[in-house]
């Protein structure tokens, strides 16, 4: 019998994020049922589909006049892989969200780290409240990649050294940076997702400007793509009414 080879624990570097819709119970009819129950009682899907223009108009009315509760009767669960600092921003969104993130107490964390891609703007200019980000020079791009990768390698070597010496995972993980990739399940409803998108994405149709960090915006864009397919009438009303959560 041969021993199973040890896994390759050399650090790897990514500039992307991944979002997978793993399960859902979400459709425009969920909004219509919730909105009409007070006046018409429960209706079948066939009844709701008889007059699509009326259904579209009702959803737009709810969005425009900010009657938000009908948009809560649905659920979407996403599996997200992103740097830890992205998840720290996610935790600012608490109402209508549930999270379960992988644990560094119970499993050895893998050496996958975030390094900005060439398209990521690196330089912040202007004063707080009126700043903008612009492209960095080739020298700044090279410096950023080199310094981050070197730092990641050193921190993961320290982590491995502590584990090899018998130090508990929950202690050794303190050497690892927020650029480490983590993963989590995030469950929300359409109303909570709209609030998230209003803050964490930039869009030409938004009435209220937002200035999200690019990495969480990348996650938001992928979540938005999935939601738009599930609830097209709700998504259209969200955009028509300035991308403001009801």
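The values are calculated or read from the model by the stated rules, or taken from the named source; none is laboratory data. Since the model is a prediction, treat every value here as computed from it, not as a measurement. For neighbour counting, all protein chains shown are included, and Cβ atoms are generated from backbone atoms with ideal geometry for every residue, glycine included.
Consider the stretch 174-215 and keep the residues that are without any contact (Cβ under 8 Å) to a residue 12 or more places away in the chain and not in a helix (DSSP H, G or I). The one that is surrounded by the most Cβ atoms within 10 Å (Cβ to Cβ) is 211.
So, in the stretch 119-144, of the ones that are part of a loop (DSSP other than H, G, I, E, B), free of Cβ contacts under 8 Å to residues at least 60 places away in the same chain and surrounded by 10 or more Cβ atoms within 10 Å (Cβ to Cβ), which residue ends up nearest to the chain's Cα centre (by Cα)? Even if it seems obvious, please write down each step before you answer.
Within the stretch 119-144, the subset part of a loop (DSSP other than H, G, I, E, B) is 119-122, 126-131, 135-137.
Now restrict to residues that are free of Cβ contacts under 8 Å to residues at least 60 places away in the same chain: 119, 122, 126-131, 135-137.
Keeping just the survivors that are surrounded by 10 or more Cβ atoms within 10 Å (Cβ to Cβ) gives 122, 126, 131, 135-137.
Working: 122: 21, 126: 28, 131: 24, 135: 24, 136: 25, 137: 29 Å.
Taking the candidates together, the pick is 122.
Name the residues in the stretch 216-232 that are touching a helix residue (DSSP H, G or I) at 6+ places or on another chain (Cβ under 8 Å), touching a residue at least 40 places away in the same chain (Cβ under 8 Å) and within 22 Å of residue 114 (Cα to Cα), would you? 216, 219, 223, listed by residue number. Residue under question is residue 224, and the condition is that it be more than 25 Å from residue 123 (Cβ to Cβ) and under 12 Å from the mean Cα position of the chain (by Cα); does it hold? Here the answer is yes, as residue 224 does meet what is asked. Quick check on the stretch 31-53. Is at least one of its residues surrounded by fewer than 18 Cβ atoms within 10 Å (Cβ to Cβ) and either at pLDDT 95 or above or within 30 Å of residue 141 (Cβ to Cβ) (or both)? No: the stretch 31-53 contains no residue that is surrounded by fewer than 18 Cβ atoms within 10 Å (Cβ to Cβ) and either at pLDDT 95 or above or within 30 Å of residue 141 (Cβ to Cβ) (or both). Any idea which of (1) part of a helix (DSSP H, G or I); (2) surrounded by fewer than 16 Cβ atoms within 10 Å (Cβ to Cβ); (3) touching a strand residue (DSSP E or B) at 6+ places or on another chain (Cβ under 7 Å) is the one residue 229 doesn't satisfy? Result: residue 229 fails condition (3) only. Surrounded by 15 or more Cβ atoms within 10 Å (Cβ to Cβ), over 28 Å from residue 151 (Cα atoms), in contact (Cβ under 8 Å) with a residue 60 or more places away in the chain and touching a helix residue (DSSP H, G or I) at 6+ places or on another chain (Cβ under 9 Å), is that true of residue 114? It is false that residue 114 is surrounded by 15 or more Cβ atoms within 10 Å (Cβ to Cβ), over 28 Å from residue 151 (Cα atoms), in contact (Cβ under 8 Å) with a residue 60 or more places away in the chain and touching a helix residue (DSSP H, G or I) at 6+ places or on another chain (Cβ under 9 Å). All of (1) at pLDDT 95 or above; (2) more than 31 Å from the chain's Cα centre (by Cα) hold for residue 69 with one exception: (2).
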